Amino acid sequence: MKQSLGAKPLAFPTPVYLVGSYDAQGQPNMMNAAWGGICCSEPPCVMVSVQNKRYTYASILEHQAFTINLLGCDHVMAADYYGIASGRDLNKIEACGQHVSKGEFVHAPCLDEAYLVLECRFKTSIELGTHTMFVGEVMDVKIEAECLDEKGIPDVKKMDPLLFIPGAREYYGVGEFIGKAFAVGTFYHFCGPADQKKISPLLCWSTVLVYGSRQRCVLRPYRCKHEDFLHGEGVVAL
Ligand SMILES: Cc1cc2nc3c(=O)[nH]c(=O)nc-3n(C[C@H](O)[C@H](O)[C@H](O)COP(=O)(O)O)c2cc1C
């Protein structure tokens, strides 16, 4: 039975965005922001919600730009520090021994230690209450080459992203692989709302392959710890 926790902004996990900006004097700064995410595919946009009392708030507006920097789990102490100290009082980047480079496309600093950096041009903002949501159009994404797999696709295990759990106020890493997106859900398309546990992996496999060949879909069963899951391979055209 579900229990009500009241009206709260609880969704799990959130990213750990390090929002980079230059202040009016040109000092680089990073701020930890868990209230953020991707918000448009084309033009590519991301959003981050910042309280107006943050030093970062004025800096983003001043230069109409910010960066989103993603640190791996091994940098958890620096990531947290960026969410405790303020650029108003000191240069946080120097204080935790990290380094920045100038953005190539926007006037905002890129964290050298980050495995991924998004250079964002301020697009619009919405005042929501405690937070103002800044939407940035992504002008460029830079990723450490060693975080790509052999096909050039970002590999989550190599990135080892840091995640945040609101409520508990804890950081986590990414867990095990569960299934291929835009693929495992096709089970219901082909087999209907049957009880997954009663259908053997072999049956699932053959059913999906028969239809799959017509649909340019190849799926194979993957036995998870507790239940039979389909582990998809390839993209499905439904
Ligand atoms: C895990 C974590 C997540 C945070 N998320 C946000 C957020 O989404 N928005 C915000 O305004 N502040 C957030 N904060 C607080 C700011 O990062 C913090 O106040 C920081 O000192 C502001 O830095 P600045 O004054 O240099 O801009 C978060 C802090 C932590 C530790």
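Can you name the helices (runs of 4 or more DSSP H) wholly within the stretch 123-238 that have at least 1 residues being modelled with pLDDT under 70? If you could, list the steps in order and put the result at the bottom.
Values: elements: 156-159, 186-191, 201-215.
Once the helices (runs of 4 or more DSSP H) in the stretch 123-238 are filtered for at least 1 residues that are modelled with pLDDT under 70, what remains is 186-191, 201-215.
Residue 105 passes every criterion in (1) without any contact (Cβ under 8 Å) to a residue 60 or more places away in the chain; (2) of a type in the set (Phe, Trp, Tyr); (3) farther than 22 Å from residue 40 by Cα apart from (3). For the stretch 111-119, check the following and say yes or no: at least one residue is closer than 21 Å to residue 163 by Cβ and without any contact (Cβ under 8 Å) to a residue 40 or more places away in the chain. Taking every residue of the stretch 111-119 in turn, none turns out to be closer than 21 Å to residue 163 by Cβ and without any contact (Cβ under 8 Å) to a residue 40 or more places away in the chain. Restricted to the stretch 123-134, and to residues there that are β-branched (Val, Ile, Thr) and either surrounded by 16 or more Cβ atoms within 10 Å (Cβ to Cβ) or free of Cβ contacts under 8 Å to residues at least 60 places away in the same chain (or both), the residue that is farthest from residue 41 (Cα to Cα) is 132. Within the stretch 148-165, the set of residues being surrounded by fewer than 17 Cβ atoms within 10 Å (Cβ to Cβ) and within 11 Å of the chain's Cα centre (by Cα) comprises just one member, 156.
Is it the case that some residue within the stretch 135-151 is within 16 Å of the ligand (Cβ to nearest atom) and touching a residue at least 24 places away in the same chain (Cβ under 8 Å)? Yes, because at least one residue in the stretch 135-151 is within 16 Å of the ligand (Cβ to nearest atom) and touching a residue at least 24 places away in the same chain (Cβ under 8 Å).
The values are calculated or read from the model by the stated rules, or taken from the named source; none is laboratory data. From a predicted model like this one, the values you see are computed outputs, not experimental measurements. Cβ sites come from the backbone with ideal geometry, for glycine too, and all protein chains shown count toward neighbours.
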